[in-house]
Amino acid sequence: MTHIQRFNRIAHSELADEGPSKSQRKRESHALQDLGEELVNLGKDALARVPMPDNLERAVRDCRKITAHEGRRRQMQYVGKQMRTLDESEVEAIRRALDVINGVSKAETAKLHALERWRERLLTKDEALTELLAQHPGADAQQLRTLVRNARREQAAQKPPKAFRELFQALKDLLGTGSPSTAESSENADNDLPEFPTREED
């Protein structure tokens, strides 16, 4: 790593508190934990087709061997910890591989990501709801306002994300995600799996 790259990494770290909010970082952490759990629950052959670093793969495979509830819960937390060490490109490579395995099209994935971005904007910017209603005048404005308000209260009180998930479903109903694609054959799916990004050596 060059001195400039190292400086940029340090600068980015120092400014982290001015970037994503605590609530957003918590949501991202939960999303990574869920992604790790999805890896643990994959079949053996499917897991072998997901690109991931060795430390994460070992953590996932060890978790799959544990049957005791408490031991598995602790190992699952460790899997989540390993997920949080990945950079954005590595996480995206895993997500794309899972999409291929699950037969989700790139267009479908892009639409789901767009819904997630809308939800994030609605929870962080008051004007986002006005913009959404202007684009979709047939939307149930009262329902959306209630869901946004309740989701914000959940985050502030650190409660289970019931309204947070209901808001996503409401956006999905409003904006649509297209029709589900048919799963490709195993051979074609393997060809579509992404290469795992190579990290730059420190």
Checklist entry - What are the residues in region 117-140 that are surrounded by 14 or more Cβ atoms within 10 Å (Cβ to Cβ) and among the aliphatic types (A, V, I, L, M), if any? => result Leu122, Leu123, Ala128, Leu129, Leu132, Leu133, Ala139
Item to check | Pair list, Cβ under 6 Å, 6 or more apart: region 114-129 residue assigned to a helix (DSSP H, G or I), other residue open to solvent by less than 50 Å² (accessible area, probe 1.4 Å) and not aliphatic (A, V, I, L, M) | outcome: Arg119/Phe168
Checklist entry - Do we find a residue being in contact (Cβ under 8 Å) with a residue 24 or more places away in the chain, of a type in the set (Gly, Ala, Ser), in contact with a helix residue (DSSP H, G or I) (Cβ under 7 Å, 6 or more places away or on another chain) and assigned to a helix (DSSP H, G or I) anywhere in region 141-153? => result yes
Next on the checklist: Among the residues that make up region 57-73, is at least one of them closer than 19 Å to Arg165 by Cβ, open to solvent by 40 Å² or more (accessible area, probe 1.4 Å) and of a type in the set (A, V, I, L, M)?
Outcome noted: no
Checklist entry - Among helices (runs of 4 or more DSSP H) lying entirely in region 18-108, which contain 2 or more residues that are touching a helix residue (DSSP H, G or I) at 6+ places or on another chain (Cβ under 7 Å) and polar (S, T, N, Q)? => result 22-40, 69-83
Item to check | Lone unmet requirement of (1) under 25 Å from Lys26 (Cα atoms); (2) in the same structural domain as Gly43 (by the TED database) for Arg61 | outcome: (1)
Next on the checklist: I need the full set of residues from region 154-165 which are in a helix (DSSP H, G or I) and open to solvent by 80 Å² or more (accessible area, probe 1.4 Å), in order please.
Outcome noted: Ala156, Lys162, Arg165
Checklist outcome for this item: Selection from region 33-48 of residues open to solvent by less than 60 Å² (accessible area, probe 1.4 Å) and either without any contact (Cβ under 8 Å) to a residue 40 or more places away in the chain or of a type outside the set (A, V, I, L, M, F, W, C) (or both) yields Gln33, Gly36, Val40, Gly43, Leu47
Checklist entry - Restricting the search to region 89-110, which residues are at pLDDT 85 or above, open to solvent by 40 Å² or more (accessible area, probe 1.4 Å) and either more than 12 Å from the chain's Cα centre (by Cα) or assigned by the TED database to the domain that holds Val148 (or both)? => result Ser89
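The values are calculated or read from the model by the stated rules, or taken from the named source; none is laboratory data. Fair warning: this is a prediction, and the values are worked out from it, not measured in the lab. When we count neighbours, we look across all protein chains shown, and the Cβ atoms used for this are built from the backbone with ideal geometry, even at glycine. These area figures cover heavy atoms from the full protein model, side chains too; ligands, DNA and RNA do not enter into them. Shrake-Rupley method; radii C 1.70, N 1.55, O 1.52, S 1.80 Å.
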